[in-house]
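The values are calculated or read from the model by the stated rules, or taken from the named source; none is laboratory data. All values reported here derive from a predicted model rather than from experimental measurement. Methodologically, a virtual Cβ is constructed for each residue, glycine included, from the backbone with ideal geometry; neighbour enumeration extends over all protein chains shown.
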Amino acid sequence: MPTKIEKDDVTGQETTGHEWDGIKELNNPLPKWWLYILWATIIWSIGYYFWSSPIPGVEGFQEPARERLEQTMAAARAEQAVFLEKIAASQLEEIRDDPELLNFAMAGGGSSFADNCAPCHGQGGAGAPGFPTLADDAWIWGGTLDAIHETILHGVRNDDIQSRYSEMMAFGDGILDGAQIADVADYVLSLSGQSVDREAAARGEVLFEENCVACHAEGGVGDVTQGAPALNDQVWLYGGTKAEIEAQIAQPQHGVMPGWLERLDPETVKMLTVYVHTLGGGQ
């Protein structure tokens, strides 16, 4: 309840006139140095506002941030133009072998990869289930500069007439029965040195020769001209357990990649190619 203002017996400080349960509130003013700083920051903020913000009708006082950004970007594009012209005029091998162009391509390709490719292939090309890893030396459609460039340009299994295209038949649709598919899965696992039922793998080898060698080649080494993955390296796009391999044999999954021919300019596609080629060492 309010009381009269008086001095505190202990501190000698005046009270505010308020008291709760016998406790009196002291009237302690803020330190003067704190008040000086407060007023200084208020005055500074007002000045900074007028300095940093455009004033309508006052030409040249302070240009808008958007205009400053546009000027900065224009200057950056002008600096990059020289390198982009060299990228456009150079073959992929020339870009790779020129340290200056390679550094520029790695920066540009890495930025474009993060914007366009990482959502599927992961940062740094780490891959994900159903999306190939680009950071190893296992290439479904080939890992040369030209092969990678072609894949980026036209993609895989899309509407582009030049798209990479291959499709594994569904062996579970009356071609092989469940037991035969299990035998083939055992043989496929054996190709990469994994422990399997040897008798089942022997039966599966015969079936593999009859049905799979035409695409995956002898010993399951794969064929990049057909987009047939190698089966002897323990690199699995849709999983490497026996059950997952059986499922892929019976009813295979097929991924799709867009072509970037009409989405990115030719120079960016070249830089992307060089960048991806370096992720897994290329071929």
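Considering L92, L84, which residue is within 30 Å of V156 (Cβ to Cβ), at pLDDT below 95 and not polar (S, T, N, Q)? Outline the logic, then answer.
Details: L92 fails: at pLDDT below 95.
Result of the check over L92, L84: L84.
Suppose the filter is crowded, with 20+ Cβ neighbours inside 10 Å and either among the β-branched types (V, I, T) or within 22 Å of P258 (Cα to Cα) (or both); does T144 pass it?
Numbers: crowded, with 20+ Cβ neighbours inside 10 Å: no; either among the β-branched types (V, I, T) or within 22 Å of P258 (Cα to Cα) (or both): yes.
Considered against the rule, which asks whether it is crowded, with 20+ Cβ neighbours inside 10 Å and either among the β-branched types (V, I, T) or within 22 Å of P258 (Cα to Cα) (or both), T144 comes out as no.
Taking region 221-244 as the range and being in contact with a His (Cβ under 8 Å, 6 or more places away or on another chain) and assigned to a loop (DSSP other than H, G, I, E, B) as the test, the residues that pass are G222, P229, A230, L231.
Of all residues in region 1-36, those being exposed (fewer than 11 other Cβ atoms within 10 Å of the Cβ) and modelled with pLDDT of 80 or more number 11. Screening region 245-273 for residues that are over 20 Å from M169 (Cα atoms) and part of a helix (DSSP H, G or I) and picking the one that is nearest to the chain's Cα centre (by Cα) gives L272. The residues of region 155-174 that are within 25 Å of the chain's Cα centre (by Cα) and either among the charged types (D, E, K, R) or not in a loop (DSSP other than H, G, I, E, B) (or both), listed by number, are V156, R157, D159, D160, R164.
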